[in-house]
Each structure stands twice: as C-alpha cells, then as structure tokens.
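Only one structure is covered here, and it is reproduced in the block below.
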C-alpha cells in the first residue's frame with residue numbers, strides 16, 4: 001500500500017504478507033518441542049476464500065507546526081492523498097521486496113489494484 005500527495009510525494013509505504021503457517025517441527029497438540037512450537041499457538045495469516053479481510057492503516061497527513069497570533073497551530077500541508085493498494089500473488093520461493101520479476105525471484109502476478117483519494121476537511 002502506498003500513499004502519495006497530489007504533487008507525487010510519497011507519504012506512506014508498507015506491505016503485508018498473507019501466508020499459511022505451518023507448525024514447523026510441532027506435533028499438533030503434543031508438547032514435543034515446547035509450547036511456542038505447537039500448531040495451536042500459531043496464527044493463520046492466509047487469505048481465506050469467501051472471507052473478507054479488513055486491514056486498518058493509520059497514515060498521518062503531512063503537517064507543519066506554525067505560530068499564528070502567538071499560538072502554535074498545526075497546519076496540514078496536503079489535504080488530499082491518493083492511496084494505492086495492490087494485491088500480488090507470489091509463488092513460493094519468490095522475492096516480495098521489489099516489483100520487478102527476474103528469473104531469480106520468479107514471476108509475481110497482480111490480482112487487484114485500486115486507487116482512492118482520501119481528503120481531510
């Protein structure tokens with residue numbers, strides 16, 4: 001997800017990986033390697049079919065503290081931002097850190113992309 005002001009300045013950039021978790025040497029509900037490796041203790045961060053996933057990101061609009069009439073006032077520099085969200089599929093073993101698919105990091109596929117304008121009033 002990327003947030004940019006109308007003049008093209010990037011204000012916020014983050015990514016989130018959705019993937020299934022495996023117990024990694026755990027044995028289900030047995031305590032073979034300790035409680036931190038039990039499969040019941042792991043959270044599943046994969047995208048489930050037919051189940052909507054909602055994420056909340058707190059993005060601060062660029063501001064500047066100025067002095068008006070002897071008081072400090074916070075003035076918002078940009079009152080509009082374009083927020084772009086892209087949902088990619090990356091095959092196992094790929095590199096998610098860049099947008100270029102090379103023979104080393106395998107191909108990745110863009111499933112969904114949307115851009116919305118967010119305004120402060």
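A full extension of the chain between residue 60 and residue 109 corresponds to an added length of 14.6 nm, given 0.36 nm per residue minus the alpha carbon distance.
A full extension of the chain between residue 17 and residue 68 corresponds to an added length of 13.9 nm, given 0.36 nm per residue minus the alpha carbon distance.
Distance between the modelled labels on residue 89 and residue 118, one decimal in nanometres: 2.8 nm (7 Å Cα→Cβ projection).
Extension gain, residue 10 to residue 76, is 22.2 nm, computed as 0.36 nm per intervening residue step minus the present C-alpha separation.
Every read-out reported here was derived from the displayed coordinates using simple, explicitly stated rules and does not represent laboratory data. Predicted model only: the values in this text are computed from it and were never measured. FYI the Cβ positions are ideal-geometry reconstructions off the backbone, even for glycines, and counts take in every protein chain you see.
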